[in-house]
Amino acid sequence: MTILVMLKRRRTHRYLINLFTKSLISEMRELIRDQEYTKALDLVYKEGLLEKEILEDEMPALKADLILSERFASWDATK
């Protein structure tokens, strides 16, 4: 599963991270279902594989299964 992580600091940071095992994906889905977005981010950072940082001009062509931030998760906006 490919996840676009978006963090807002002084500027927006975007990272493409992959989760590979079904158990990790299920655990992340449960955290999102419970609106535990910060815990979901922690799981993705600890257990995921960082693919790359995404620049603003790469956003239109980006393919991801999920967009995740500290305040929301979106499945629909990535299609």
Check your understanding: Out of all the residues in region 8-19, is one or more surrounded by 11 or more Cβ atoms within 10 Å (Cβ to Cβ) and of a type in the set (D, E, K, R)?
Key -> yes
**Study point:** Some residue of region 64-79 being surrounded by 14 or more Cβ atoms within 10 Å (Cβ to Cβ), at negative phi and of a type in the set (Phe, Trp, Tyr)
**Key:** no
**Study point:** Top-ranked residue in region 23-79 [being in contact with a helix residue (DSSP H, G or I) (Cβ under 7 Å, 6 or more places away or on another chain) and in a strand (DSSP E or B); ranked as farthest from Met1 (Cα to Cα)]
**Key:** Ala73
Review point. What are the residue pairs meeting all of these: first residue in region 10-21, first residue closer than 15 Å to Leu62 by Cα, second residue of a type in the set (Lys, Arg) and exposed (fewer than 12 other Cβ atoms within 10 Å of the Cβ), Cβ atoms under 7 Å, and 6 or more apart or on different chains?
Key: Leu16/Lys52
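So is Leu16 modelled with pLDDT under 95 and part of a strand (DSSP E or B) or not?
No; evaluated as a whole, the condition is false for this residue.
Let's see how each residue does on (1) small (Gly, Ala, Ser); (2) in contact (Cβ under 8 Å) with a residue 12 or more places away in the chain; (3) in contact with a Leu (Cβ under 6 Å, 6 or more places away or on another chain):
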{"site": "Asp42", "(1), (2), (3)": "no, no, no"}
{"site": "Lys46", "(1), (2), (3)": "no, no, no"}
{"site": "Leu49", "(1), (2), (3)": "no, yes, no"}
{"site": "Lys52", "(1), (2), (3)": "no, yes, yes"}
{"site": "Lys63", "(1), (2), (3)": "no, yes, no"}
{"site": "Leu66", "(1), (2), (3)": "no, yes, no"}
{"site": "Glu70", "(1), (2), (3)": "no, yes, no"}
{"site": "Ser74", "(1), (2), (3)": "yes, no, no"}
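The values are calculated or read from the model by the stated rules, or taken from the named source; none is laboratory data. Predicted model, so just to flag it, every value in this text is computed and none were measured. When we count neighbours, we look across all protein chains shown, and the Cβ atoms used for this are built from the backbone with ideal geometry, even at glycine.
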